[in-house]
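Notes follow the structure.
Nothing in this text is a laboratory measurement; each read-out follows from the coordinates by a stated rule. Model, not experiment: these values are computed from the prediction. Glycine gets a Cβ as well: all are built from the backbone with ideal geometry, and neighbour counts include every protein chain shown.
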Amino acid sequence: MTVIEASGVLEKTALETYVPLAKPSLVGLSREELAKRLGGIGVAEKQQKMRVQQLWHWMYVRGARSFAEMSNVSKDMRAQLEQYFTVDRPEVVTEQISNDGTRKWLLRLPGDGVGRAHEVECVYIPETDRGTLCVSSQVGCTLNCSFCHTGTQRLVRNLTAGEILGQVMVARDRLGDWVDRETPNGNRLVTNIVMMGMGEPLYNFDAVRDALLIVSDGEGIGISRRRITLSTSGVVPNIARTGDEIGVMLAISLHAVRDELRDELVPLNRKYPIRELLDACRAYPGSSNSRRITFEYVMLKGVNDSLDDARLLVKLLKGIPAKINLIPFNPWPGSKYECSDWEQIEKFSEYVFNAGYSSPVRTPRGRDILAACGQLKSETEKLSARERQALRAMAMTD
Ligand code: SAH
Ligand code: SF4
């Protein structure tokens, strides 16, 4: 009996029978890995480069969802690929569209073999001059920032590169945003990526790097690194690597200017305190006045929103090419904070602006579908109908 190991299609069980496993998806593999997989199913070495190029184009320029569509690949080759692989992305379980046009997809991922399938959320935010996709890096998050809903989710697993990249592909699928899209000027809908969904991207470094390298690859999806922002709560050892190995824009979830308070809001601060974090930012490869680091600051009423805080913030950021992004706190059921008053947010913003920093206030988007920052949480049992209702009511009265 033959066992084809390279593709993982057949597996020997304890009962000496062979059961088919789900075919693996080629989405998310580097060119080298793709060539290796092709070698594994018998594609001759001298053909591999050309085949990889074809696959790359069909997957990442055209958004092909099956090998059958790949018309310049020979029929035999298509059949062979079909036998062993797929070009599947995560399965869309639900799509919600907010009254402000924001879309949220709940995506199902293969489980860990013992439990049920895992779920993750991805959000698309259209604006007049751009369309931003907020991508998740983990199911849940191992950190537990006290103001973040995702941090309360128990189930945690890292996403694979294919699952991270797959979110971008699902968004292009659902929005009809692949290269053949017929628009008057051919403008794309997904123009920017932010790694600000569920999870801490720098605790899943390799997969996030591999996915973003494909997203920014000029012969594929082709979203420039300047239009990709990775947000971290401050995993200091991986900050320099982000600049060196991925080269995308950096955002830091600062949220407090004193260690005592940051220890409470972002508990990772106990491991990597503010000084160390800011030193890593000062040394961030590739930052400059035209490539500033964004400092995110959630506005919590009576907690971190005084003008004293604003003053200290400006002082701390001295010497770092920075911009400050003020985020009105988005409430969730059971959260113990309130959003600062608008007046206070404006005062804070004005102070920071007058000190020479751009300080836009992030408009909350998609609150009615729980798609705003920090509201993502995907466990199916996460909210009772009652909690959902309470949350909607909160969103409406804000
Ligand atoms: N784990 C990463 C990226 C995901 S969170 C990080 O923490 O940076 C994306 C942003 O939303 C972070 O700045 C996070 O602090 C912020 N956020 C989390 N919960 C929030 C809430 N309830 N209201 C507003 N912003 C929140
Ligand atoms: Fe995790 Fe970021 Fe939420 Fe903190 S804010 S719990 S790091 S997702």
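Among 65-78, 131-144, 84-97, the peptide with the highest mean count of other Cβ atoms within 10 Å heads the list, and the full ranking is 131-144, 84-97, 65-78.
Which percent, to the nearest 5, of DSSP beta bridges fully inside the range 91-397 are antiparallel? Just about 50 percent of them are antiparallel. Ordered by the number of other Cβ atoms lying within 10 Å of each residue's own Cβ, fewest first, Phe353, Phe147 fall into the sequence Phe353, Phe147. Of Lys323, Lys104, Lys318, the sequence from fewest to most neighbouring Cβ atoms within 10 angstrom is Lys318, Lys323, Lys104. For a quick check of your reading of the filter: which GluC sites (Glu not before Pro) in the range 174-254 sit in a DSSP loop and have no more than 16 other Cβ atoms within 10 Å? When the GluC sites (Glu not before Pro) of the range 174-254 are filtered for loop state and at most 16 Cβ neighbours within 10 Å, Glu182, Glu219 remain. Among residues other than Pro267 with Cβ under 13 Å from its Cβ, the summed charge is -2 (Lys and Arg +1, Asp and Glu -1).
Each principal axis of the Cα cloud of the range 91-397 was taken in turn, and the coordinate range along them, longest first, works out to 49, 47, 44 Å.
Relative to its residue count, the range 17-94 spans a Cα convex hull of 114 Å³ per residue. Taken about its Cα centre, the range 258-378 carries a charge dipole of roughly 480 debye when the Cβ of each Lys and Arg holds +1 and the Cβ of each Asp and Glu holds -1. Distance between the C-alpha centres of the range 293-336 and the range 45-71: 46 Å, rounded to the whole angstrom. For the range 263-312, the list of trypsin sites (Lys or Arg not before Pro) that fall in a loop by DSSP and count at most 15 other C-beta atoms within 10 angstrom reads Lys271, Lys301.
Only lysine pairs 8 or more places apart, or on different chains, with alpha-carbon atoms under 18 angstrom apart are counted in the range 91-397, and they number 9.
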